Every structure is written in structure tokens, then in C-alpha cells.
Amino acid sequence: MLYAVLVVALVVLDQVVKFLVRANIPLGGDVPFLPHILQLTYVQNTGAAFSLLEEHTWILTIVSLVVSVLLVVLLVKKAFPRPFAMAALSMVLAGAVGNLIDRALLCRSRPARRHMI
């Protein structure tokens, strides 16, 4: 149960941050996150890392779905005995679900191009 709460909290945080970025930073723009140390830049990526498979986002959507289901099964079965490993698995699941939301649900308004933030 604790790991499910962690997953939900991270997915919600992920989506809130992405909403705030879309609402407040122009595409290609940046804002200081930690001044003089780190900036947050708004870019869109239609593929995986380095825009791999950018013309085949349906493949990435399927991969995100399959990975999410597999990770849920591993969490439910408590596949790893150590709490740190289960927490790490929860974080990976939250990332996969966030990607799935971005690819499958948020792209309805832009059917021709799918963007990851």
C-alpha cells in the first residue's frame, strides 16, 4: 500500500510540474531553477531519448503500457525483499506511467505529433 501511495504521489507531481511548465514557460524558453546552478528548459521530444523512434510513438506507447503492467505485477507480488528496492521499483513505475499519460492521453489534442516534456 505504501508503494502505491508513492507511485500515485510521484505521478501526480510529475503531471503538475509538466502542467506548470506548459503554462508558464514558452517552448524553448528556460527559467532558473537553482540560480547560477541549474535551469529548467522547456523542450518537447516526440520520441525516446535523443528523439529515437520519434515517428513511431505508438511503439513507445505500447512499451510504456507493457512496462507499467509488468512493474505493477512485481510490486503486487513484492518481488524484492528490500524496501529500498521496492521504492526504486515504485519510482520507475511512476516514470513509466507518467510517460504513458503523456503519450496516450495528453496527445489527443495534437494527434499528428506527440510530445514528451
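Laboratory data are not the source of any read-out in this text; all were calculated from the coordinates shown. Just so it is clear, the structure is predicted and the values come from calculations on it, not from any experiment. Glycine gets a Cβ as well: all are built from the backbone with ideal geometry, and neighbour counts include every protein chain shown.
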Fewest-first sequence of R82, R22 by Cβ atoms within 10 Å of each Cβ: R82, R22
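I'd like the FRET efficiency for L105 and F84, computed as 1/(1 + (r/R0)^6) with the beta carbon distance as r and R0 of 25 Å, rounded to 0.05. Can you show the working numbers first?
On the way: r = 31 Å, r/R0 = 1.24.
Given R0 = 25 Å and the Cβ-Cβ separation, E is 0.20.
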Sites A9 and L65 - FRET efficiency at Förster radius 25 Å, r taken between beta-carbons, to 0.05: 0.75
